[in-house]
Every structure is written in structure tokens, then in C-alpha cells.
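*Asks:* Structure incoming, see below.
The values are calculated or read from the model by the stated rules, or taken from the named source; none is laboratory data. This one's a predicted model, so the numbers in the text were calculated from it and none came from an experiment. Here the Cβ positions follow ideal geometry from the backbone for every residue, glycine too, while neighbour counts run over all protein chains shown. Heavy atoms of the whole protein, side chains included, go into the accessibility calculation; ligands, DNA and RNA do not. Shrake-Rupley method; radii C 1.70, N 1.55, O 1.52, S 1.80 Å.
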Amino acid sequence: MSVQITIVGLGQIGSSIGLALKTHNVDVQRVGHDKDPQAAKEAQRAGAVDDVKYNLPASIREAKIVILALPLAEMRETLKTIASDLGEGTLVLDTAPAKATVAAWAQDLLPPGRFYIGLTPAINPGYLHETEFGVRAARADLFEKGLMVVNAPRGTPANVFNLAMEFVSLLGAMPLLMDTAEADGIFSAMHVLPQLAAAALLDTTVDKPGWQEARKLAGRPYATVTAGAAYHDDMRSLGESALENRENIVRLLNAYITSLIDLRDDIEANDLQAVTRRLGEAWKGRSRWFDERSAADWLKSEGPPIDAPSFGERVNQMFFGGMITDRQRQRK
């Protein structure tokens, strides 16, 4: 019997998950749902899902694994909507930032016998400079040469945890276990702060004096930096990500502001040597990071390959075999 995996949210991440499962010949039925019917149709045409269901509860009712590839602003309401329709033993995975927040929502909303594990992907470095969004940006190898952070709440049964790790490997990524507090701190710096910096630059320039002419002349540097603000599906999600991680974000913003002030002071002092040194060090740091990210030497320790065709069989074995035993062990 083919196992159903439902992907809720068919943008770049959700559709890429579906494409990766197809590429690796995983024996599953991929069902998709998106609040935008056109996006759902595009994802199905692209081969990211086998079937589309426009009713959210119906889309997850038969699923053994549910992936919520959604903005943070939609996560709590979606968990609340699907909770009563999740089957016994269903594993819910999500890809939103603010993992501690989503884990708390899942604990509060999911019925007993349903499980949650958080995932945060780092995409293939070959696509870091792409500018497309949504389904058009989906790639079957989006997660290859990348890590995927796995946050499993305390008490997660071993077979559920192992299933999540196996699932990540099937997507072409290397699973990386991380504490939720550490994960939230890292992703605040690497994902949320750049977007806030982009928003600040836009606030500094758009509709300010000189904008009428500046908008006609703004080039690649301006487009590249401000593109960061577009990587969330909506600004509310970016705002919620910042607020849910506000301790980390305030600390990072203070450090960022201090760096800008130091640069401003060097420029104001007309200190060419200091300015050149500061900018040079920043560029060297960026070059070193990009070379390391592209080489991805940390992936050389990857484990044995996963047998994709039997993945569905193992899911069925877990659901109809060991799940009840594991829950009984947890209760002791």
C-alpha cells in the first residue's frame, strides 16, 4: 500500500520537497495543498505532487507524514485546523523559522499520538543567487549539498525520530541535530537579520528626498541587497519571526548598528586606511564563507545511502507495528 505524504504550502520549499521525492523514486503518494489554487495547479503541472486537494483537512486525513512548508504567520492556524483530522501516529514536519515557537504550538494543539519534528533547510549553494520565487524556483536538487537542521522535541519516539532523519536524507540533504535555542539564534542571524537590513535600506531610501530620480538609476547592488526583504512570503511572517526571536534579534541589531556606526565614524574622520581595512576584511570574510559553503566539505562524512523504494514500506511498518509499542514504553 502506497504511503501518502501531504505537502501543505507549494512554494519553493514545498514544491522542491515533492520534486526531490519524485527524483529519488520514493514509493509514496504525494498530495499537495495550497491556499492559492493557481500555485497548487502549477506545482502539479511541474510534477511536484501527484494529486492536489483544495480542502485542507481532506488533504491530510490519509497522510502518514504532513509537511507544513508555510510562513510563520500561517503556522498556528494551520496546526489548529488540521489537528482533529490527523490520523493516529501521523508525523508533522515544518520548515518555518522560530522553531521553539512552532514546537510549543504543536505541543499545545496536536492530539496525543501525533508527532511533530521541526526542519530548517539550507539550500544548495548553486541556487543562492537565484532571484525566482514560489513554484518557479522549485528544484529537485534544492537540498543537495546542504544541511537540514532537525529539531526533535524531548520524548519523541526513536522510530519517529529515525523516520524524520531518513526523510531528510531522501531529499538529498544531510540532517544536522540542533537544540531549538541554538537553531533560533543561528537562523535569526543568517535569515531574519539580512531581511530586516534590507527593509531598513528600503525605509531609508524609498520616497525619501531624491527618490524620484534615484529609482530610475538604482542598479544591481540596490536590487541585490533589497531582495532580502522578499524572501518571506509576507511581511507579517517576517515581523512575527523577529518578534518570536526578539532577544536574539535585538542583540544582533545592536551589533549590526554598532558596526554601521564604526564605519560611519571612519568615513566621517576621512580615514581612508581604516575604511579600506574594514571593507577589505568584510569582503574577505564573505569570500571565505561562500567558498566554504560551495565546497560543503562538512558533507564528506555523510552516512550510508537510504533505500528510497522501501521508505514507504518502513513507514507502514512503523505505523502498523512499532508505534503502539513505543507509546506504551513512553507511558512507563
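*Asks:* With GLY118, GLY146 as the choices, which residue is open to solvent by less than 30 Å² (accessible area, probe 1.4 Å), modelled with pLDDT of 95 or more, among the small types (Gly, Ala, Ser) and under 14 Å from the mean Cα position of the chain (by Cα)?
*Replies:* Of GLY118, GLY146, the one residue that is open to solvent by less than 30 Å² (accessible area, probe 1.4 Å), modelled with pLDDT of 95 or more, among the small types (Gly, Ala, Ser) and under 14 Å from the mean Cα position of the chain (by Cα) is GLY118.
*Asks:* Do you know which of the residues in the range 149-179 that are in a loop (DSSP other than H, G, I, E, B) and more than 20 Å from ARG139 (Cα to Cα) is least open to solvent (accessible area, probe 1.4 Å)?
*Replies:* PRO157
*Asks:* Considering only residues that are among the β-branched types (Val, Ile, Thr) and either touching a strand residue (DSSP E or B) at 6+ places or on another chain (Cβ under 6 Å) or assigned to a helix (DSSP H, G or I) (or both), look in the range 199-240 and name the one that is least open to solvent (accessible area, probe 1.4 Å).
*Replies:* This residue is THR226.
*Asks:* So which residues in the range 102-115 are open to solvent by 30 Å² or more (accessible area, probe 1.4 Å) and either of a type in the set (D, E, K, R) or touching an Asp or Glu at 6+ places or on another chain (Cβ under 6 Å) (or both)?
*Replies:* ASP108, ARG114
*Asks:* Can you tell me which of ALA98, ALA69 is under 17 Å from the mean Cα position of the chain (by Cα), under 26 Å from HIS191 (Cβ atoms) and at pLDDT below 95?
*Replies:* Answer to the selection: ALA98.
*Asks:* Filter the range 1-38 down to the residues that are buried (at least 24 other Cβ atoms within 10 Å of the Cβ), small (Gly, Ala, Ser) and not in a loop (DSSP other than H, G, I, E, B) and list them by number.
*Replies:* Correct list: GLY14, SER15, SER16, GLY18, GLY32.
*Asks:* Then there is this: Consider the range 39-52. How many of its residues are surrounded by 18 or more Cβ atoms within 10 Å (Cβ to Cβ) and either in contact with a strand residue (DSSP E or B) (Cβ under 6 Å, 6 or more places away or on another chain) or on the phi > 0 side of the Ramachandran plot (or both)?
*Replies:* Count: 5.
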